[in-house]
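S.K.: Have a look at this one before I ask anything.
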Amino acid sequence: MSTKKEVKETYYESIRKQGYSRRDFMKFATYIAAYMGLESSLVAQVAKSLETTFRLPVIWEHFQECTCCSESFIRSDHPIVADIILDKISLDYTLTLMAASGHQAEAAKHATMEKYNGEYILCVEGSVPMGADGNYCCIGGRSAKDILIEAAAGAKAIIAWGSCASNGCVQAAKPNPTDATPIHKIIKNKPIIRVPGCPPIGEVMAGIIVHVVAFGRLPELDRLGRPKAFYSKRVHDSCYRRPYYDAGLFAETFDDQNAKDGYCLYKVGCKGPMTYNSCGTIKWNNGVSYPIQSGHGCIGCSEEEFWDNGPFYERLTNLPGFGIESNADTVGKVAAGALAGGIAVHAVAANIAKRKQLKSRTSRGKINEENLSH
Amino acid sequence: MKTRSFKRVLVWELPVRVFHWVNTLCVLVLILTGFIIADPPAILSNAEATNLHSFGVVRFIHFTAAYIFFFNMILRIYWSFVGNRFASWKAFLPFTKKRWHNFKHVLKVDVLLKNEKEHDLKDISIGHNSVASLSYIALFLLALLQIITGFGLYADTSTWWLPRLFTWVSPLFGGDFAVRQIHHIAMWGFIFFTLVHVYLVFYHDWLEGRGEVSSMFGGYKFVRDERVVSKEKDATVTATEADT
Ligand code: HEM
Ligand code: SF4
């Protein structure tokens, strides 16, 4: 991990020191600018910023999580991300990747927090259990809740990595036994970037980090606090199977001919139409593929409460409170049937209860008919 | 036994009737296409996706009907300020003193099917009765919910400012999952309303014989002679008019 000496280096200096050429560096700047959704004219600005900006100290906390966000990040496409942004330059504290451990590591973190008070970026991976006084998740003898509140106090901004930190993810699925809570519900007074996904795409994470360090400010966020460059489109809107959707050609089961022919996975539960993410464009594993391309519907992992909006393999969502396997339509049909029954009973009862009135009107009508003049 | 005399009263003006049937058509089409969107049928086709656009067409019909549904609703709101007393927004106020009285009457006579000993002509509503007007308020709120959630889902696929006005919807509900779920459940609200509404129209036509069903076509209901006060300028019919 970094030492105080390295801190005074710019990103560019570190990159060069790592043995990358200027050409590699420019490639990286172009590549990351493209992922960030910037115009090509801004590549120079990204490069310039990386040349002149001293590195931002980053503290990366791990709470209730599975580390898939870190895994995704270190597999991000370009080696400079792993080498420089993550490994060599930025991280002052991250449990899973740093060499130091124990008191030494905690001491380093506190040193950073004091020295760069108000300047460092706090990255959080994982949700924070608020139940049982925060005791479900303790690190170094302290609860996640305490650690978060302490680390957030001096942070310039917070990045909530993954669905855990931004939505709660599986720990927060009903009945949420530990009262797992996303970061924005705990910290209210800091700018927070939410980067949902289980995990988020590595390039998305790198793009966000570079944006923050290169421009010194947060990327443009949507109303849910997600960077617009990566979360303004539904997976469905950039899905290569979309022509099959529009044609009405769907796989009915995973092993039918339609599935083999690559038809749309809507009817086997694809949640792409409700999921905002870049999987269809940036894809995964260095742009190799993404779930839908591999034949599995999107499960909506970057959406709030996606665990509770199942089943994954059915089109319609279960209705909470109506038992297993009952969606809006099964409940609706039963209710409509009951209503129709009620109406039938009412109709019969009406004819019985109002029989006098009806009889009298009918007979008056008949008499009038007889009395017609021609 | 003497039969009653009735006068023909124009209750539902033309814009109200047009609204009603356009609305009916839209809701039917929206429910039908909505069901298809929610759970599309398996089609057997060897066509290439390029040459087929069936689901796109279904969605197109849904969105077209949605726009008509929306603008139609706005025209109706406008008409509730300029239309006659039965079209007025005031006719929907549920709990003025008079309406509260009528509400209890309708509950007693038409819902619980009690027979009254004494009939008060004033208890027979000429426009909406109070229970019905309450159901229309519910329907209006349901339509509002459906428009908000529907346009919310639609907003991100459009560049026009009108649907873009609804970009706040999805974040408000925490994402499209919830919005679609609500949109789908609300559809059942329309189905339940339609069942009850159609039944009650027939019920009133059958039990009151005042032309309830046909009133939404021709606009007229039959109102007892005694309730139409003769003024100097009466609605005199000239002999040449073929109409009775
Ligand atoms: C009576 C009114 C309406 C009914 C009954 C209705 C019904 C439905 C249903 C059942 C669905 C499928 C939902 C699901 O299971 O996921 C749906 C989808 C949808 N509706 Fe409606 N809807 C109505 C009005 C509207 C309006 C006013 C709009 C406004 C534009 C709208 C826009 C949409 C959109 C965008 C979808 C999603 C389509 C897709 O992603 O392919 N709907 N509707
Ligand atoms: S596979 Fe999923 S995301 Fe792709 S078009 Fe079909 S429903 Fe949309």
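S.K.: Consider B:Phe190 against the criteria (1) crowded, with 17+ Cβ neighbours inside 10 Å; (2) modelled with pLDDT under 95: it satisfies all of them except one. Which criterion is unmet?
M.R.: Just one mismatch for B:Phe190, condition (2).
S.K.: Considering every residue within the range A:205-221, establish whether at least one is open to solvent by less than 50 Å² (accessible area, probe 1.4 Å) and charged (D, E, K, R).
M.R.: No, the range A:205-221 contains no residue that is open to solvent by less than 50 Å² (accessible area, probe 1.4 Å) and charged (D, E, K, R).
S.K.: For the range A:211-330, which helices (runs of 4 or more DSSP H) that fit wholly inside it have 3 or more residues that are facing chain B (nearest Cβ under 9 Å)?
M.R.: Qualifying helices (runs of 4 or more DSSP H): A:242-247.
S.K.: Please give the number of the condition A:Ala157 fails out of (1) open to solvent by less than 10 Å² (accessible area, probe 1.4 Å); (2) under 16 Å from the mean Cα position of the chain (by Cα); (3) small (Gly, Ala, Ser).
M.R.: Status for A:Ala157: all satisfied but (2).
S.K.: Starting from the range A:194-206, take each residue that is free of Cβ contacts under 8 Å to residues at least 60 places away in the same chain and list its partners that are part of a loop (DSSP other than H, G, I, E, B) and of a type outside the set (A, V, I, L, M), counting only C-beta distances under 6 angstrom and pairs at least six apart or across chains.
M.R.: Short answer, once both residue conditions are applied: A:Arg194/A:Gly225; A:Arg194/A:Arg226.
S.K.: For the list (1) surrounded by 15 or more Cβ atoms within 10 Å (Cβ to Cβ); (2) closer than 30 Å to A:Asp329 by Cβ; (3) of a type in the set (Gly, Ala, Ser), I need the number of the one condition that B:Ala91 fails.
M.R.: Among (1) surrounded by 15 or more Cβ atoms within 10 Å (Cβ to Cβ); (2) closer than 30 Å to A:Asp329 by Cβ; (3) of a type in the set (Gly, Ala, Ser), the lone unmet condition for B:Ala91 is (2).
S.K.: A further question on this structure: For the range A:310-334, give me each residue that is free of Cβ contacts under 8 Å to residues at least 12 places away in the same chain and within 15 Å of ligand 1 (Cβ to nearest atom).
M.R.: Those that are free of Cβ contacts under 8 Å to residues at least 12 places away in the same chain and within 15 Å of ligand 1 (Cβ to nearest atom): A:Gly310, A:Thr317, A:Asn318, A:Ser326, A:Thr330, A:Gly332, A:Lys333.
S.K.: Which of the residues that make up the range B:29-64 are among the aliphatic types (A, V, I, L, M), open to solvent by less than 50 Å² (accessible area, probe 1.4 Å), within 9 Å of ligand 1 (Cβ to nearest atom) and within 14 Å of chain A (Cβ to nearest Cβ)?
M.R.: Within the range B:29-64, B:Ile31, B:Ile37, B:Ala38, B:Val58 meet the criteria.
S.K.: For residues in the range B:32-84 being polar (S, T, N, Q) and in a loop (DSSP other than H, G, I, E, B), which is farthest from A:Gly248 (Cα to Cα)?
M.R.: Here the residue is B:Asn84.
S.K.: Residue under question is A:Ala132, and the condition is that it be out of contact with any Pro (no Cβ under 9 Å at 6 or more places or on another chain), surrounded by fewer than 21 Cβ atoms within 10 Å (Cβ to Cβ) and without any contact (Cβ under 8 Å) to a residue 12 or more places away in the chain; does it hold?
M.R.: No; evaluated as a whole, the condition is false for this residue.
S.K.: May I pose another question? State the number of residues belonging to the range B:137-175 that are of a type in the set (Ser, Thr, Tyr) and either loosely packed, with under 15 Cβ neighbours inside 10 Å or in a loop (DSSP other than H, G, I, E, B) (or both).
M.R.: Qualifying residue count, the range B:137-175: 4.
S.K.: Any idea how many residues of the range A:332-364 are facing chain B (nearest Cβ under 8 Å) and assigned to a helix (DSSP H, G or I)?
M.R.: 18
S.K.: Which of the following residues is in contact with a helix residue (DSSP H, G or I) (Cβ under 7 Å, 6 or more places away or on another chain) and either within 9 Å of ligand 2 (Cβ to nearest atom) or of a type in the set (A, V, I, L, M, F, W, C) (or both): A:Tyr276, A:Tyr266, A:Tyr313?
M.R.: A:Tyr266
S.K.: Still on this structure, I have one more. Consider B:Tyr67 carefully, then state whether it is open to solvent by less than 80 Å² (accessible area, probe 1.4 Å), more than 25 Å from A:Ala353 (Cα to Cα), free of Cβ contacts under 8 Å to residues at least 24 places away in the same chain and within 15 Å of ligand 1 (Cβ to nearest atom).
M.R.: Spelling it out, B:Tyr67 is indeed open to solvent by less than 80 Å² (accessible area, probe 1.4 Å), more than 25 Å from A:Ala353 (Cα to Cα), free of Cβ contacts under 8 Å to residues at least 24 places away in the same chain and within 15 Å of ligand 1 (Cβ to nearest atom).
S.K.: Just one of the numbered conditions (1) buried (at least 23 other Cβ atoms within 10 Å of the Cβ); (2) more than 21 Å from A:Phe73 (Cβ to Cβ) is not true of A:Gly162; which one?
M.R.: Here A:Gly162 clears every test but (2).
S.K.: Hey, can you tell me all the residues within the range B:79-122 that are more than 15 Å from the chain's Cα centre (by Cα) and of a type in the set (Phe, Trp, Tyr)?
M.R.: B:Phe81, B:Phe95, B:Trp100, B:Phe103
S.K.: Here is a further query. Hey, can you tell me all the residues within the range B:5-28 that are within 16 Å of B:Glu212 (Cβ to Cβ) and either within 14 Å of chain A (Cβ to nearest Cβ) or within 16 Å of ligand 2 (Cβ to nearest atom) (or both)?
M.R.: Result: B:Phe6, single match.
S.K.: Could you check A:Thr362 against (1) surrounded by 13 or more Cβ atoms within 10 Å (Cβ to Cβ); (2) under 27 Å from B:Asn115 (Cβ atoms) and say which number it fails?
M.R.: Of everything listed in (1) surrounded by 13 or more Cβ atoms within 10 Å (Cβ to Cβ); (2) under 27 Å from B:Asn115 (Cβ atoms), A:Thr362 misses just condition (1).
S.K.: Just to be sure I understand, how many residues within the range A:21-55 are surrounded by fewer than 17 Cβ atoms within 10 Å (Cβ to Cβ) and touching an Asp or Glu at 6+ places or on another chain (Cβ under 6 Å)?
M.R.: Residues that pass the stated criteria total 0.
S.K.: Still on this structure: For the structure I just gave you, tell me whether B:Ala42 is touching a residue at least 60 places away in the same chain (Cβ under 8 Å) and either of a type outside the set (Val, Ile, Thr) or within 30 Å of B:Ala91 (Cβ to Cβ) (or both).
M.R.: Against the criterion (touching a residue at least 60 places away in the same chain (Cβ under 8 Å) and either of a type outside the set (Val, Ile, Thr) or within 30 Å of B:Ala91 (Cβ to Cβ) (or both)), B:Ala42 does not qualify.
Each row is one residue, and each column tells you yes or no for (1) under 30 Å from A:Val348 (Cβ atoms); (2) facing chain A (nearest Cβ under 9 Å).
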position	(1), (2)
B:Pro163	no, no
B:Thr167	no, yes
B:Ser170	no, yes
B:His183	no, no
B:Met187	yes, yes
B:Ile191	yes, yes
B:His197	yes, no
B:His204	yes, no
B:Gly209	yes, yes
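The values are calculated or read from the model by the stated rules, or taken from the named source; none is laboratory data. All values derive from a computational prediction rather than experimental measurement. All Cβ positions, even for glycine, are placed from backbone atoms using ideal geometry, and neighbour counts span all protein chains on display. Areas reflect the complete protein model, heavy atoms only, side chains present, ligands, DNA and RNA absent. Shrake-Rupley method; radii C 1.70, N 1.55, O 1.52, S 1.80 Å.
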